[in-house]
Amino acid sequence: MILVKSRSDMWGTRRVYKGNGCYIKEFDYCDHYWYHKHIKMVDTMNPGYYINTFYSTTRMTFIMKTVPGVNAKTLGSGIKFVKRILKFVHSNIQETGSLGHGDWALENIIVNGNDMQMIDWDACGVMTKEEKLNKAYHDLKKDFEKKGLRSFDNIWRESHD
Ligand SMILES: Nc1ncnc2c1ncn2[C@@H]1O[C@H](COP(=O)(O)OP(=O)(O)O)[C@@H](O)[C@H]1O
Ligand SMILES: [Mg+2]
């Protein structure tokens, strides 16, 4: 297993590992209520994404299928690409109904030819369409502007027409 990412916040540390054809995310803390609710929501929005999950008194572990493709963060910010991402995000928002992914950072979008898929469902929850659009707008604007794109607002506005 290779450590891909490690991140700490006020709750503790979570680590993402890669190997044996899957990804593993391990939280060194646990929250029973969140764990069960989270699994149910991910199973509704993305059935089969979790191959297995484990809960112990000290940690929560999620085994995920590998989503094939390239991380959108590593791709450009050409207008055509930005439009494709926005089209995908809008359909993701539509498809998930009263639930939502909740973290539309480019790092959480995997591009495989014409296909795109979301990974990292940690922030998913019950959300209105307006809440989802608002979060997606801020997440994507931040990431694309970091890449030097200045016309994000125009492209976003056009993507609603
Ligand atoms: N199921 C998956 N398929 C493909 N790549 C993944 C998968 N899960 C994680 N990754 C890779 O690992 C990185 C970190 O995982 P992520 O769940 O986004 O962690 P974090 O919650 O710290 O952002 C992702 O940006 C992606 O490159
Ligand atoms: Mg992520």
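Using amide H atoms built in the peptide plane, which far-off residues or other-chain residues are under 5 Å from Gly125 H to H?
Close amide H contacts, sequence-distant or interchain: Gly100.
Taking a ≥ b ≥ c as the square roots of the Cα gyration tensor eigenvalues, with a/c under 1.5 meaning rounded and otherwise prolate when a/b beats b/c, else oblate, which class fits region 2-65?
The shape class here is oblate.
Between region 5-47 and region 54-127, how many Å separate their Cα centres?
14
Considering amide H positions built from the backbone, and no H for Pro or chain starts, which residues 5 or more places from Met116, or on another chain, come under 5 Å of its amide H?
none
Kindly write out, for region 14-26 in residue order, the coupling ³J(HN,Hα) from the Karplus curve 6.51 cos²θ - 1.76 cosθ + 1.60 (θ = phi - 60°), rounded to whole Hz, with x marking Gly and Pro.
Ordered by residue, 3J(HN,Hα) equals 10, 10, 10, 10, 10, x, 6, x, 9, 10, 10, 10, 10 Hz.
Quick query: amide H of Val4 versus all other amide H atoms, modeled in the peptide plane; which residues come in under 5 Å with a sequence gap of 5 or more or a different chain?
Amide H neighbours of Val4, under 5 Å, 5+ apart: Val16, Tyr17, Lys18.
Before rounding to the nearest 500, sum -39500 (n - 2.57) across all DSSP H runs of length at least 4 in the chain and divide by the residue total; then give [θ] at 222 nm in deg cm²/dmol.
-11500 deg cm²/dmol
Could you state the angle between the C-alpha long axis of helix 79-95 and the longest principal axis of the C-alpha atoms of the chain, as a value from 0 to 90 degrees rounded to the nearest 10?
50
More than 28 angstrom separation, counting every C-alpha pair in region 8-161; what % is that?
Within region 8-161, distances greater than 28 Å cover 23 percent of Cα pairs.
Please turn the phi angles of region 38-45 into ³J(HN,Hα) values with the Karplus equation 6.51 cos²θ - 1.76 cosθ + 1.60 (θ = phi - 60°), one per residue in order, whole Hz, x for glycine and proline.
4, 4, 4, 5, 5, 5, 6, 7
Would you kindly derive the ³J(HN,Hα) couplings of region 60-72 from the backbone phi angles with the Karplus curve 6.51 cos²θ - 1.76 cosθ + 1.60 (θ = phi - 60°), listing them in order in whole Hz, with x for Gly and Pro?
Computed from phi, the couplings for region 60-72 are 10, 10, 10, 9, 10, 5, 6, 8, x, x, 10, 5, 4 Hz.
All of the numbers you see were taken from the coordinates with simple rules; none came from a lab. Bear in mind the structure is a predicted one, so any value in this text is a computation, not a measurement.
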